[in-house]
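> Pasting a structure below so you can have a look.
The values are calculated or read from the model by the stated rules, or taken from the named source; none is laboratory data. Predicted model only: the values in this text are computed from it and were never measured. Quick reminder, even Gly has a Cβ in these numbers, built from the backbone with ideal geometry, and neighbours come from all protein chains shown.
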Amino acid sequence: MAKLSVLIMVVVEFTIWFQSCRAEDTKEKIANLQFYFHDTLSGKTPSAVKVAQAPETDKSPTLFGALLMADDPLTETSDPNSKLVGRAQGLYGSAGQHELALIMAMSFEFIEGEYSGSSISIFGRNPALNPVREMPVVGGTGVFRLARGYAIAKTHWYDPLTGDAIVGYNVTVLHY
């Protein structure tokens with residue numbers, strides 16, 4: 001009987017401790033981020049380069065099968081000379097045969113302000129010619145550890161001859 005009482009007491013104390021820890025850890029915060037993504041494929045120092053393509057890619061109106069690696073600057077405003085707040089690093093590929101639909105796997109790392117040293121990860125479909133697109137935030141690091149949310153992308157400027165673009169991002173992130 002004494003062993004049962006001790007066991008019950010240990011279980012009750014563990015349960016109280018676990019619930020206390022869980023309550024402290026589940027206080028989610030919300031962050032709303034706004035920045036501009038500068039994707040440059042042209043010029044002497046492009047920020048995105050083609051690293052692979054399918055044999056038929058050059059014949060496709062959507063460049064289906066092209067895969068690009070990017071290290072794009074993220075700035076405070078649409079002006080490329082505005083304050084650098086981070087970098088978008090990752091890859092994207094043309095996944096649509098009938099429309100320009102990219103699949104993106106990108107890490108947006110922040111180097112300024114309260115989120116400096118933290119990143120969010122975006123993975124999803126980006127129908128690039130739509131005026132507004134929504135993509136999922138699937139994780140993050142630093143302040144954004146265990147993040148989830150969504151990113152709204154709006155093309156601010158696009159050059160169809162070079163593929164260069166400036167895209168405004170509004171991101172809502174839930175994190176701990």
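> Could we say that Ile166 is without any contact (Cβ under 8 Å) to a residue 40 or more places away in the chain and over 10 Å from the mean Cα position of the chain (by Cα) here?
no
> I've got another one for you. Just one of (1) out of contact with any Phe, Trp or Tyr (no Cβ under 6 Å at 6 or more places or on another chain); (2) within 20 Å of Val167 (Cα to Cα); (3) part of a strand (DSSP E or B) trips up Pro46, so point out which.
Single failed check for Pro46: (3).
> Restricting to segment 153-171, count the residues that are among the hydrophobic types (A, V, I, L, M, F, W, C) and in contact with a Phe, Trp or Tyr (Cβ under 7 Å, 6 or more places away or on another chain).
Within segment 153-171, residues that are among the hydrophobic types (A, V, I, L, M, F, W, C) and in contact with a Phe, Trp or Tyr (Cβ under 7 Å, 6 or more places away or on another chain) number 4.
> Are any residues in segment 126-136 assigned to a strand (DSSP E or B) and either surrounded by fewer than 17 Cβ atoms within 10 Å (Cβ to Cβ) or out of contact with any Lys or Arg (no Cβ under 6 Å at 6 or more places or on another chain) (or both), and if so, which ones?
Hits for segment 126-136 are Val132, Arg133, Glu134, Met135, Pro136.
> Which numbered condition trips up Ala101, out of (1) touching a residue at least 24 places away in the same chain (Cβ under 8 Å); (2) within 9 Å of the chain's Cα centre (by Cα)?
(2)
> Being within 15 Å of the chain's Cα centre (by Cα), at pLDDT 95 or above and either within 24 Å of Ile152 (Cα to Cα) or buried (at least 20 other Cβ atoms within 10 Å of the Cβ) (or both) is the requirement here; does Ala88 meet it?
yes
> Within the bounds of segment 156-167, is there any residue that is surrounded by 14 or more Cβ atoms within 10 Å (Cβ to Cβ), under 30 Å from Glu28 (Cβ atoms) and out of contact with any Asp or Glu (no Cβ under 9 Å at 6 or more places or on another chain)?
No, the conditions are met nowhere in segment 156-167.
> Have a look at Phe123, Phe108 and point out the one that is in a strand (DSSP E or B) and either touching a residue at least 24 places away in the same chain (Cβ under 8 Å) or more than 24 Å from His175 (Cβ to Cβ) (or both).
Numbers: Phe123 fails: either touching a residue at least 24 places away in the same chain (Cβ under 8 Å) or more than 24 Å from His175 (Cβ to Cβ) (or both).
Selected residue: Phe108, the only one of Phe123, Phe108 that is in a strand (DSSP E or B) and either touching a residue at least 24 places away in the same chain (Cβ under 8 Å) or more than 24 Å from His175 (Cβ to Cβ) (or both).
> For segment 24-36, indicate whether the set of residues that are under 30 Å from Leu174 (Cα atoms), modelled with pLDDT of 95 or more and touching a Phe, Trp or Tyr at 6+ places or on another chain (Cβ under 6 Å) is non-empty.
Among the residues of segment 24-36, at least one is under 30 Å from Leu174 (Cα atoms), modelled with pLDDT of 95 or more and touching a Phe, Trp or Tyr at 6+ places or on another chain (Cβ under 6 Å), which makes the answer yes.
> Can you name the number of the only condition in (1) out of contact with any strand residue (DSSP E or B) (no Cβ under 6 Å at 6 or more places or on another chain); (2) modelled with pLDDT under 95; (3) under 14 Å from Leu33 (Cα atoms) that Leu129 fails?
Of the numbered conditions (1) out of contact with any strand residue (DSSP E or B) (no Cβ under 6 Å at 6 or more places or on another chain); (2) modelled with pLDDT under 95; (3) under 14 Å from Leu33 (Cα atoms), the odd one out for Leu129 is (3).
> Sort through Pro73, Pro80 and tell me the only one that's touching a strand residue (DSSP E or B) at 6+ places or on another chain (Cβ under 7 Å) and surrounded by fewer than 18 Cβ atoms within 10 Å (Cβ to Cβ).
Criteria check complete, one pass: Pro80.
> Which count do you get for residues in segment 66-80 that are under 19 Å from Pro160 (Cβ atoms) and either over 18 Å from the mean Cα position of the chain (by Cα) or among the small types (Gly, Ala, Ser) (or both)?
Let us first name the residues in segment 66-80 that are under 19 Å from Pro160 (Cβ atoms), namely 66, 68, 70, 72, 78, 80.
Of the ones still in play, those that are also either over 18 Å from the mean Cα position of the chain (by Cα) or among the small types (Gly, Ala, Ser) (or both) are 66, 70, 78, 80.
The total comes to 4.
> What are the residues in segment 142-155 that are surrounded by 15 or more Cβ atoms within 10 Å (Cβ to Cβ) and in contact (Cβ under 8 Å) with a residue 24 or more places away in the chain, if any?
Scanning segment 142-155 gives Gly142, Val143, Phe144, Ala147, Arg148, Gly149, Ala151, Ala153, Thr155.
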